[in-house]
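The values are calculated or read from the model by the stated rules, or taken from the named source; none is laboratory data. Just so you know, these numbers come straight off a predicted model, no measurement behind them. Using ideal geometry, Cβ is built from the backbone for each residue, glycine included, and neighbour counts are taken over all protein chains shown. Each accessible area value is taken on the protein alone, full model and side chains, heavy atoms only, with ligands, DNA and RNA left out. Shrake-Rupley method; radii C 1.70, N 1.55, O 1.52, S 1.80 Å.
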Amino acid sequence: MTVAEQLSALGAILAQSSIHSLFQPIICLSEQRIHGHEALSRGPSNSPLHSPLNLFAIARQAGRLTDLEAACRESACRRFSEQQLGGKLFLNISPESLLEPNYPSGRTLKLLEQVGLEPSRVVIELTEQTPTDDFQLLSNALHHYRDMGFSIALDDLGAGYSSLRLWSELRPEYVKIDRHFIDGIHCDPLKREFVGSILQIARASRAQVIAEGIELAEELAVLTEMGVDLVQGYLLGRPQELGVREVVAPVMPVASGGQPTVGLNATLGQVIELFGRHQHLESLEVLGVDGRPCGLVHRSALPVMASSRGKPAPTEAWQAR
């Protein structure tokens with residue numbers, strides 16, 4: 001498809017408001033509930049701009065990124081409200097749009113009034129794809145949102161051009177760790193050190209850390225043990241048109257085959273208790289947030305000790321499928 005054809009397709013998408021909004025859950029582990037959803041946008045399924053990478057790249061090239069992001073926010077807010085989803089709605093926005101001199105002030109607030117959402121339920125998630133030079137102007141823009149009742153999240157910490165400075169300057173309520181540092185964290189001590197440092201800074205700045213891109217039970221087990229409470233990723237829920245309303249209980253009595261199972265956030269004490277009550281079992285099936293099997297925890301990998309109650313199951317016990 002030529003650039004001219006892509007530009008034409010983009011114009012049609014914006015004119016017809018044919019953006020599709022998907023929602024990926026963000027889970028609070030300590031309370032076993034849905035903390036919120038991140039809104040993700042796609043072009044029409046039959047369009048070469050269905051992929052968000054293509055869609056946003058051509059919009060940036062055409063100088064229509066602000067128009068596209070506004071259309072994505074409108075679609076996401078309306079769909080979120082129509083589904084009457086609980087928790088927070090995380091909306092992606094680029095610094096380029098925030099720094100756009102002609103961007104109409106109050107546009108997002110007016111949209112929320114139309115769909116019946118309070119600003120306190122919306123998190124402006126700053127996605128940095130290009131270098132940001134004017135920190136003061138960006139800070140002013142985000143404080144404007146905060147003054148209206150919105151929260152601020154810094155996306156992809158560790159991957160952006162200046163993410164640590166943005167954290168220091170903006171003091172966001174949420175910080176999302178780039179998935180590079182989550183991928184394989186169970187077998188990479190350096191990644192664990194990085195995440196541990198982020199958690200220390202977050203405690204000092206009173207920011208909540210969100211680990212995104214979790215795909216393996218082993219990764220989730222390590223993050224839980226480290227104290228990460230808000231998590232997101234394919235293991236916990238894929239982006240889909242319908243948001244998630246509740247989290248599956250952490251420990252489930254029986255699977256469909258009649259065998260006991262555990263949830264991803266089961267403690268070591270709970271797992272040992274189940275093995276104690278079912279002496280014939282050599283392994284327990286692990287179910288994801290969606291209730292589907294995602295791995296096994298083996299009896300042989302668990303130390304039996306009374307003091308272990310309340311601790312997450314050790315990393316080496318998990319075998320992902």
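Quick notes
- Looking across the stretch 13-59, just one residue is of a type in the set (Gly, Ala, Ser), part of a helix (DSSP H, G or I) and open to solvent by less than 40 Å² (accessible area, probe 1.4 Å), and that is Ala59.
- Out of Ser94, Ser75, Ser81, one residue alone is of a type in the set (Gly, Ala, Ser), within 20 Å of Ser163 (Cα to Cα) and under 21 Å from the mean Cα position of the chain (by Cα). It is Ser94.
- Criterion: open to solvent by 70 Å² or more (accessible area, probe 1.4 Å), at pLDDT 90 or above, within 20 Å of Val123 (Cβ to Cβ) and touching a helix residue (DSSP H, G or I) at 6+ places or on another chain (Cβ under 7 Å) - qualifying residue of Arg107, Arg64, Arg73, Arg78: Arg78
- Residue check for Arg121: under 23 Å from Ile34 (Cβ atoms), at pLDDT 95 or above and touching a Ser or Thr at 6+ places or on another chain (Cβ under 7 Å): no
- Listed by first and then second residue, the pairs with beta-carbon distance under 9 Å, at least 6 apart or on different chains, first residue in the stretch 10-34 and over 24 Å from Gln61 (Cβ atoms), second modelled with pLDDT under 90 and among the acidic types (Asp, Glu), are Gln32/Glu246; Arg33/Glu246; Ile34/Glu246.
- Of the residues screened, Glu246 is not one that is touching a His at 6+ places or on another chain (Cβ under 6 Å), over 25 Å from Cys72 (Cβ atoms) and modelled with pLDDT under 90.
- Search result, residues across the stretch 59-71 that are out of contact with any Lys or Arg (no Cβ under 7 Å at 6 or more places or on another chain), in contact (Cβ under 8 Å) with a residue 12 or more places away in the chain and within 14 Å of Glu96 (Cβ to Cβ): Ala59, Arg60, Gln61, Ala62, Arg64, Leu65, Thr66, Asp67, Leu68, Glu69
- Residue match in the stretch 185-207 (condition: touching a helix residue (DSSP H, G or I) at 6+ places or on another chain (Cβ under 7 Å), at negative phi and outside any helix (DSSP H, G or I)): no
- For the stretch 128-147, a residue qualifies if it is surrounded by fewer than 16 Cβ atoms within 10 Å (Cβ to Cβ) and modelled with pLDDT of 90 or more, and exactly one does: Asp147.
- Failed condition for Tyr161, given (1) at pLDDT 85 or above; (2) open to solvent by 50 Å² or more (accessible area, probe 1.4 Å): (1)
- Test: Glu173 is under 15 Å from the mean Cα position of the chain (by Cα) and open to solvent by 30 Å² or more (accessible area, probe 1.4 Å): yes
- Filtering the stretch 50-58 for residues that are among the polar types (S, T, N, Q) and free of Cβ contacts under 8 Å to residues at least 12 places away in the same chain leaves a non-empty set.
- Residue, nearest to Ala39 (Cα to Cα), within the stretch 86-104, restricted to residues that are at pLDDT 95 or above and open to solvent by 10 Å² or more (accessible area, probe 1.4 Å): Lys88
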